[in-house]
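Okay, structure first, notes after.
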Amino acid sequence: MSKLSHVDEQNRPTMVDVSAKQATDRSAHARAVVHLPVSIAGHITGDEIETKKGPVFATAIIAGVMAAKKTADLIPMCHPLPLHHLEVRLERVA
């Protein structure tokens, strides 16, 4: 018998029934570091880069929220999890 919950006796991935599992609080954190060339960094005014297609950082925040909401679609065999709080922060490091 496999020690992994989502692998069967033949070592193949398999879904697990979690319908009877009690709800628990969970927390997840992710971090990305993006290095901008000096030529792009020079276009930052205030806390944003405005382009013909719209605000870059605001769009990045929206993309982060959408990715979190789609976690079950993006991670193989992940069960849908309700989100109760989500925060996307952008920090500029010199």
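Throughout, read-outs are computed from the coordinates displayed, never taken from laboratory work. Since we're looking at a predicted model, the values are computed, not measured.
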Q. Where does helix 56-69 land angle-wise versus the long Cα axis of the chain, in degrees 0 to 90, nearest 10?
A. 10
Q. Got a sec to turn the phi values of the stretch 37-45 into Karplus ³J(HN,Hα) couplings, 6.51 cos²θ - 1.76 cosθ + 1.60 with θ = phi - 60°, whole Hz, x for Gly and Pro?
A. x, 3, 5, 7, 4, x, 8, 6, 10
**Q.** the chain: Rg to Rh, with Rh as the Kirkwood radius over Cα pairs
**A.** 1.14
Q | Descending semi-axes in whole angstrom, ellipsoid equivalent of the stretch 49-94, from the Cα gyration tensor | A | 26, 13, 9
